[in-house]
Structures are given as structure tokens and as C-alpha cells.
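> Let me give you the structure first, and then I'll get to my questions.
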Amino acid sequence: MRTDFVLKAPPMGWNSWNTFYDQISDELIRSTADAMVEKGLAEAGYEYVIIDDCWSQKTRDGEGNLVPDPVKFPHGMKDLADYVHGKGLKLGIYSCCGVHTCAGYPGSFEHEFQDARLFADWGIDYLKYDNCFHPSTLASETLYRRMNLALRASGRDILLAACQWGRDEVHSWIRSTGAHTFRSTIDIQDSWRSIEQIALSQLDKQAFAGPGCYNDMDILVAGMYGKGLNPETSIGGCSDTEYQTHFLLWAMMQSPLIIGCSLTDMNETTRTLLTNRDVIAVNQDPEGRGCHKLSTYGSPDAFILVRQLAGGDLAIGFFNFGDAPALTELHFWDLGLPLGAGFGLSFHDCMTHEDLGLQRESFSRRLPAHGSALYRCRLEAVR
Ligand code: GLA
């Protein structure tokens, strides 16, 4: 068996868990797929509609197959996949390498090849594969390898999204399992502190992600505003400034961009943010290099991330994690451009889409508390 699937950029899509928790249904997935197209998200690059935990019955059938909950999914998964595919989108589903999923539904342990075949028959394109309830005698590493082989044996191109929460130094071995993405942290919450904590914890893991296998910093909380049925995620909400910083960090750090708010109720501010093409282009950059962190003069709570892009451009992000406004300042010699090199950097603002022209030796930007800015920069000769 062989499949031709090579992941060339972080996957983009939507996942049911943050907002809808166990209240998922055929209708929700269809209306989300409709909204993904109608609201311009599909055009911006979002393609996976992912059903998280709680979609199946609590027991397998007589042949050991997983069975969709007949109340939530009365038309079955194949019919749903056909609908989603008809929109030009892809369908994702969830299982777990243990005997149960995290919410107590049947997991795929010792059913890996059977489940992979069933998912392939349904037309599933993405499998989020969690890490709860696996036998203590088997490393989850072994179980991720198993599911990867099972998916390959199914003959269908199915993205394997490992959800291992950053345990057991997952970044160091996950690429060799064949997984396409790996969750690197505990579950995100709709709060600034959670965003900050996840981002800071992954800055030293940048070298481990790139084409083929990306570091999944978890589902986006942008646009949730503290709403949602998941009591573990929905704990207060963030400001639009904080959601922007969240999105720019995930984009710069090459995380999959998986939206977690309701697409049907999404407001225009959220839609504009999540469809920002300049930001998405940085996230999807084909060269897939990680970013590095620079300190900024003045504020200890602010920092700069720099990323080399295909074609020679640089993405430069300014982030203020402090609770007060801060001036962030980049001196170009800190990123390898000495005075007297004869080159400066032209700056394009990814949020306003303005060209700011050639900057010679430095660039500074005042940011609000928890604020951010992102620029696409190009080397230019100084005359
Ligand atoms: C774990 C995962 C979450 C979600 C739930 C479902 O906590 O990390 O993203 O999938 O399980 O039960």
C-alpha cells in the first residue's frame, strides 16, 4: 500500500471541541462547512472540518466497529463526508490510542487497523489521535507508530494529528512516527494567561517543526469571547488585542490554524483577523523554518520573533506580553544586518497591509498591553 500524502504547510481548519464540547451533530458540521465557504474562510485556506470527541456510541457493534451516535449523526459519517467534500472541504474525526477516548467513548487500542479502514471507507481525511487511557505497559510512541501504519494500510490519504500534550519529549520522536502534527501542550483555555503560557513553552521547540510534521499549539480560541459549552476551555475570554496576538504567534510559530469558535456566529473582527492573507502566508510559508527570538530594548516583557521566509523575505513579529504598553525596538544588527552593510529593510505591515518603505538601521513600534505587530520585510540597498 502507498499513499502520496506529504504535508507541505500547517493544516488549517475548524474543530468542534472548544465551543461545542459534546454537543455535536450532523447539522452543526454541515452548517460549519457551509459557513467556512460562505464567510471566505475556505478561500483563505481553511479546509478541514474536524469532529472532536463524543461522536460515537459508547460501545462498538457486534463486529467490533465504531458506530456514530444515531441521534447526533443520523445519516452516518459517509453521507456527512460526501456533503463536506461537495463543498470542496475535508472531514476530520477523532479517536484515541487508548481503550477509551478522553471523554470515555471507545478508543482505538487493538482496533487500529479496523478503525483506520472504517475511517477510510467513510471518506475521512484527518484523524486527531489522542493519548488517554493507554495501557501503562506500552509507550504512546509505539501506539502512534501503529496508527500511522494502520492509516497507510487503509490506502487513503489521512492526516494523522497526534495529540500527546507535549509529554515524553514528544517533539524529539514524533516526526519518525509518520504523524503530520503533534500537540505540544496541555489543552488551551480562552484566556490570555493560557495563550502566553503555550507560546512561551514552545519557543525553544522551533527547530523540531517544519514540512512533514508541524507543532500543534492547540485549537485557536480567537473569537470565543468566553462563550462556548466546554467548561474547561471557556473561562473568561480575551480582548480583540489579545486574540490578534494569539493568532500572530500561532502563525509565526507554524502551528496548525484550527479555528475553535463558532463559524456561524463569528463576528466581523474575528473573520477579518482569521482570514488575513498576509498573516496566513507567513504561517503557510513553504520553506517551513522556525523563528528565533530577540530581546527588545526597553521592555523586559516584550520580544521579537524573526523568521526566514521562502524567496528571501523575513517575517518580523513584535510582541508585548507585559500588562502595560511598551515601546518595542529592533536594531537590525541583532538579526545579522550590520551597520555599513549597505542594506536596510523595507517593511510591509501585515495587519494594515501598508508598505512602510525602507528602514535603515532600526524599527520601533509602540504596543498596547498584550499587543502585537507583524511585518513582512525585504532586504533593500541603501542609496
Ligand atoms: C483531550 C485533548 C482535547 C480534546 C479532548 C476530548 O483533552 O487534548 O483537545 O480532544 O481530549 O476529550
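The values are calculated or read from the model by the stated rules, or taken from the named source; none is laboratory data. Every value quoted in this text rests on a predicted model; they were computed, and no experiment measured them. Note that we place each Cβ from the backbone using ideal geometry, even for glycine, and neighbour counts take in every protein chain shown.
> Can you pull out the helices (runs of 4 or more DSSP H) entirely within the stretch 1-61 that have at least 3 residues that are in contact with a strand residue (DSSP E or B) (Cβ under 7 Å, 6 or more places away or on another chain) and farther than 15 Å from Ala161 by Cβ?
So the answer is 26-38.
> Any residue in the stretch 188-198 that is under 15 Å from Pro11 (Cβ atoms) and within 14 Å of the chain's Cα centre (by Cα)?
No, the stretch 188-198 contains no residue that is under 15 Å from Pro11 (Cβ atoms) and within 14 Å of the chain's Cα centre (by Cα).
> Mind checking which residues of the stretch 178-193 are within 13 Å of the ligand (Cβ to nearest atom) and of a type outside the set (Phe, Trp, Tyr)?
If the condition is that a residue be within 13 Å of the ligand (Cβ to nearest atom) and of a type outside the set (Phe, Trp, Tyr), then Thr181, Arg183, Ser184, Thr185, Ile186, Asp187, Ile188, Gln189 are the ones that fit.
> Still on this structure: How many of the residues in the stretch 273-292 are exposed (fewer than 14 other Cβ atoms within 10 Å of the Cβ) and closer than 27 Å to Arg365 by Cα?
Residues that pass the stated criteria total 1.
> Could you list all residues from the stretch 119-151 that are among the aliphatic types (A, V, I, L, M) and at pLDDT 95 or above?
Hits for the stretch 119-151 are Ala120, Ile124, Leu127, Leu143, Met147, Leu149, Ala150, Leu151.
> Also, quick follow-up: Exactly one condition in (1) at pLDDT 95 or above; (2) farther than 25 Å from Ser255 by Cβ is false for Pro338; which is it?
The number of the failed condition is (1).
> A further question on this structure: Right, Trp173: away from the ligand (no atom under 16 Å from the Cβ) and among the aromatic types (Phe, Trp, Tyr) or not?
yes
> How about the stretch 78-100: which of its residues are of a type outside the set (Gly, Ala, Ser), farther than 21 Å from Ser136 by Cβ and within 15 Å of the ligand (Cβ to nearest atom)?
Ile93, Tyr94
> Within the stretch 15-36, can one find any residue that is without any contact (Cβ under 8 Å) to a residue 24 or more places away in the chain and of a type outside the set (A, V, I, L, M)?
Within the stretch 15-36 (the criterion being without any contact (Cβ under 8 Å) to a residue 24 or more places away in the chain and of a type outside the set (A, V, I, L, M)), the answer is yes, since at least one residue qualifies.
> Then there is this: Any idea which of (1) assigned to a strand (DSSP E or B); (2) over 18 Å from Gly178 (Cβ atoms) is the one Gly92 doesn't satisfy?
Result: Gly92 fails condition (2) only.
> Of all residues in the stretch 42-77, which are more than 19 Å from Gln114 (Cα to Cα), within 16 Å of the ligand (Cβ to nearest atom) and of a type in the set (A, V, I, L, M)?
Residues satisfying the conditions are Val49, Ile50, Ile51.
> Mind checking whether some residue in the stretch 32-55 is over 27 Å from Ala251 (Cβ atoms), surrounded by 19 or more Cβ atoms within 10 Å (Cβ to Cβ) and out of contact with any helix residue (DSSP H, G or I) (no Cβ under 7 Å at 6 or more places or on another chain)?
There is at least one residue in the stretch 32-55 that is over 27 Å from Ala251 (Cβ atoms), surrounded by 19 or more Cβ atoms within 10 Å (Cβ to Cβ) and out of contact with any helix residue (DSSP H, G or I) (no Cβ under 7 Å at 6 or more places or on another chain).
> Then there is this: From the set of residues in the stretch 101-140 that are more than 23 Å from the chain's Cα centre (by Cα) and among the charged types (D, E, K, R), which is nearest to the ligand (Cβ to nearest atom)?
Looking at the filtered set, the residue picked out is Asp115.
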